[in-house]
Amino acid sequence: MSVSVEPIEKGGSGRKFWRVKVGERTLILVHYSEERPENSHFVEIGSFLARVGIRVPDVFFHTPADGIILMEDAGSTDLWEYRDAPWPARRALYQRTLDQALALHTRAHTAPEPPEFQKPFDVELYRWEQDYFIEHCLQRHFGLTADEVAHRVNRPRLLEIAEHLAAQPRCLIHRDFQSQNIIIRDGEACLIDFQGLRLGLAQYDLASLLLDPYVAFTVAEREELLRHYLSGLHGPGTHDETHFRHLYDLCAMQRLMQALGAYGKLGHADGRTHFLQHIPIALPRLCEVLSRIAGLENLHSLLLTLEK
């Protein structure tokens, strides 16, 4: 029986991946370190998600002491690969993906015997995302001084937003729910990289997917997908859509700030300069969201000038 091993280039910190072909069957071999503690929880979280009906790869072998995982090969075609597909085909795949998100958001937090998750979204984590954006995007990438930041960024309003979001009822969310973390297998969505699962707001996952800087949507396409999620959330008239969309905008601000901070850090501090190409895409999306959030007008006008 022939055996071949092919490395997989994937951006997960503290993890290495290989595709192992044994005869006609392929498996994924993972080696993880303790660089990120959440890596050690991947297997038990995957088992938990499978129990509540979320599509995830099966794990066949795990040795925690060595950081070795052998699991099902769900395929190499992620949702990002369909970014240029005709809208009807892409819409169907995104709807299936949103169906998985809906199942996660409505079932998982009430399931018995949950594993250990990452620290929930709270005021501290929301504030960290805001500061990450300010430090690595506004200051490191765009070169703003501390005085310029103090003048243009309304930190009391950002704190108010963090406190407001942290006070909302929470469910379990993926936290990095973007196109490259969704594998398409037999026309269905399969979640990967879910080791960061934690309590937070469903709108954070939705914003991660629908405002994904790696994929382009029209406003109408994004709205159609959001409505698909909302249609499955509750029956007609059983939720406050205005409140839901308000939280969606606030979570979108948080997610885009986190992403822009990451691009700045990875591109400049870590020397992975290809991440900088995503800043001109993510920045206008943050600018659009900020146009709907009161109290951040100065930051919005600043980003408009940085776009040019």
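The values are calculated or read from the model by the stated rules, or taken from the named source; none is laboratory data. In this text, all values refer to a predicted model and were calculated from it rather than measured experimentally. Cβ coordinates were reconstructed from backbone atoms using ideal geometry, including for glycine residues, and neighbour counts include every protein chain displayed.
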Residue in the stretch 132-182 that is nearest to Ala111 (Cα to Cα), counting only those that are in contact (Cβ under 8 Å) with a residue 12 or more places away in the chain and of a type in the set (Ser, Thr, Tyr): Ser179
Out of (1) under 26 Å from Ala103 (Cβ atoms); (2) touching a helix residue (DSSP H, G or I) at 6+ places or on another chain (Cβ under 9 Å), the one Pro64 does not meet is (1)
Are any residues in the stretch 48-71 crowded, with 17+ Cβ neighbours inside 10 Å and touching a residue at least 40 places away in the same chain (Cβ under 8 Å), and if so, which ones? Phe48, Leu49, Val52, Ile54, Arg55, Val56, Pro57, Ile69, Met71
Name the residues in the stretch 72-113 that are assigned to a loop (DSSP other than H, G, I, E, B) and more than 21 Å from the chain's Cα centre (by Cα), would you? Asp73, Ala85, Pro86, Ala111, Pro112, Glu113
Which count do you get for residues in the stretch 265-288 that are within 25 Å of Arg155 (Cα to Cα) and either among the basic types (Lys, Arg) or more than 17 Å from the chain's Cα centre (by Cα) (or both)? 8
Scanning the stretch 1-47 for residues that are more than 21 Å from Asp78 (Cβ to Cβ) and of a type in the set (Asp, Glu), the one surrounded by the most Cβ atoms within 10 Å (Cβ to Cβ) turns out to be Glu44
What about Asp186, is it crowded, with 21+ Cβ neighbours inside 10 Å, closer than 28 Å to Pro88 by Cβ and of a type in the set (Asp, Glu)? no
Just wondering, is there one or more residues in the stretch 196-209 that are part of a loop (DSSP other than H, G, I, E, B), in contact with a strand residue (DSSP E or B) (Cβ under 8 Å, 6 or more places away or on another chain) and crowded, with 21+ Cβ neighbours inside 10 Å? yes
Over the stretch 138-183, the set of residues over 19 Å from the mean Cα position of the chain (by Cα) and either of a type in the set (Lys, Arg) or surrounded by 20 or more Cβ atoms within 10 Å (Cβ to Cβ) (or both) is Leu138, Arg140, His141, Arg152, Arg155, Arg157, Leu158, Ile161
Quick test of your reading of the structure: Phe217 fulfils all but one of (1) assigned to a helix (DSSP H, G or I); (2) surrounded by 15 or more Cβ atoms within 10 Å (Cβ to Cβ). Name the failing condition by number. (1)
Quick one: what pairs do we get from the stretch 5-31, first residue in the same structural domain as Gly67 (by TED's automatic domain parsing) and modelled with pLDDT under 90, second exposed (fewer than 14 other Cβ atoms within 10 Å of the Cβ) and not in a strand (DSSP E or B), C-beta under 7 Å, 6+ apart or different chains? Ser13/Glu35; Gly14/Ser33; Gly14/Glu35; Val22/Met1; Gly23/Met1; Gly23/Ser2
Looking at (1) loosely packed, with under 15 Cβ neighbours inside 10 Å; (2) small (Gly, Ala, Ser); (3) modelled with pLDDT under 95, which is the only condition Ala89 fails? (3)
Criterion (touching a residue at least 12 places away in the same chain (Cβ under 8 Å) and farther than 22 Å from Arg170 by Cβ) met by exactly one of Leu93, Leu102: Leu93
Go through the stretch 114-191 and tell me which helices (runs of 4 or more DSSP H), entirely inside it, have 1 or more residues that are polar (S, T, N, Q). 123-133
